[in-house]
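Have a look at the structure below, then the notes.
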Amino acid sequence: QLQVVEFGGGLVQAGGSLRVSCTVSGLEFLTIGWFRQAPGKEREAVSCISMSGTPKYVDSLKGRFTISRDNAKNTAYLQMRDLKPEDTAVYYCAADRGYAWSYCSLDLKYDNWGQGTQVTVSS
């Protein structure tokens, strides 16, 4: 079992930017997914990044969100720009052992999850 820890959430005004981070040991051998869950809604995919650094995004967030990773720091990032009130949610980082160098999954079927970090966007 991997320990996944998110941090960096907070309160931001609409149109602002925020970066959330996720630390997990042995990051270089893992694929990372970012997910979010708004109040009263199901958890949904945001983005993922493969071991090679290949990113994938849900179509609705392309252009505003950027995922990245720094294996030397065992940290993955989700940079969010032009935030909207509808982006308000708890953001979760998930990690799994990588099996394909340039593939990551936007499915919820990750084995290791963080506790989540709250992102609130005010209008």
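The values are calculated or read from the model by the stated rules, or taken from the named source; none is laboratory data. Computed from a predicted structure; not experimentally measured. When the accessible area is computed, the model is the full protein with side chains, heavy atoms only, and any ligands, DNA or RNA have been set aside. Shrake-Rupley method; radii C 1.70, N 1.55, O 1.52, S 1.80 Å.
Taking only alpha carbon atoms, the chain gives an Rg to Rh ratio of 0.94, where Rh is the Kirkwood radius.
For the chain, the share of DSSP beta bridges that are antiparallel, to the nearest 5, is 90%. Within the range 30-71, antiparallel bridges make up roughly 90 percent of the DSSP beta bridges whose residues both belong there.
Give the value in nm², to one decimal: projected area of the alpha carbon convex hull of the range 1-61, averaged over all directions. Write down the numbers at each step before the final one.
Values: hull surface 22.2 nm².
For the range 1-61, averaging the hull's shadow over all directions gives 5.5 nm².
Percent of accessible area on the range 1-45 owned by carbon and sulfur, 1.4 Å probe? Don't skip to the answer; put the middle values down first.
Details: 1140 of 2450 Å².
Ligands and nucleic acids excluded, carbon and sulfur reach 46 percent.
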